[in-house]
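The values are calculated or read from the model by the stated rules, or taken from the named source; none is laboratory data. Just so you know, these numbers come straight off a predicted model, no measurement behind them. Cβ placement follows ideal geometry from the backbone for every residue including glycine, while neighbour counts extend to all protein chains displayed.
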Amino acid sequence: MAALADLDVNLAFTHMEKIFPLPAEDFSKLREDTAKMLESARPRFGKPLGYEPVSLDKKSDSVLVGTYILKMENIALRWRFVFYKPKDKWLINSMRWDDKLGED
């Protein structure tokens, strides 16, 4: 999240790549799409101001849901990660971001 707060999508995804088991092509597309969307929305969102953890919900011994906000001048973006532990290592099962702060 610190890299995302600096709008350094490439660095953020470099960190995620180690624990996000997507096919390389899908991962690259997600990285590119995220960078493009954040850049195109920046005039509306404003400059980044940092991030805050919102919650880390343990759903089971194998599933955690982490929610963070990326604070911008004009809007906050919710980032939600679902982590899955199939054996002994946590993986990112899914990731999404939006501006729906009050929704689950």
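The table that follows gives values for the structure above.
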| read-out | value |
| --- | --- |
| Any hit, region 81-89, residues being surrounded by 10 or more Cβ atoms within 10 Å (Cβ to Cβ), hydroxyl-bearing (S, T, Y) and farther than 21 Å from H15 by Cβ | no |
| Which numbered condition I75 fails, given (1) modelled with pLDDT of 95 or more; (2) touching a Gly at 6+ places or on another chain (Cβ under 8 Å); (3) surrounded by 12 or more Cβ atoms within 10 Å (Cβ to Cβ) | (1) |
| Subset of region 1-56 (residues that are over 14 Å from W79 (Cβ atoms) and of a type in the set (F, W, Y)) | F27 |
| Lone qualifier among E73, E32, E17 - being of a type in the set (D, E) and in contact with a strand residue (DSSP E or B) (Cβ under 7 Å, 6 or more places away or on another chain) | E73 |
| Conditions (1) touching a Lys or Arg at 6+ places or on another chain (Cβ under 9 Å); (2) more than 24 Å from E103 (Cα to Cα): number failed by V63 | (2) |
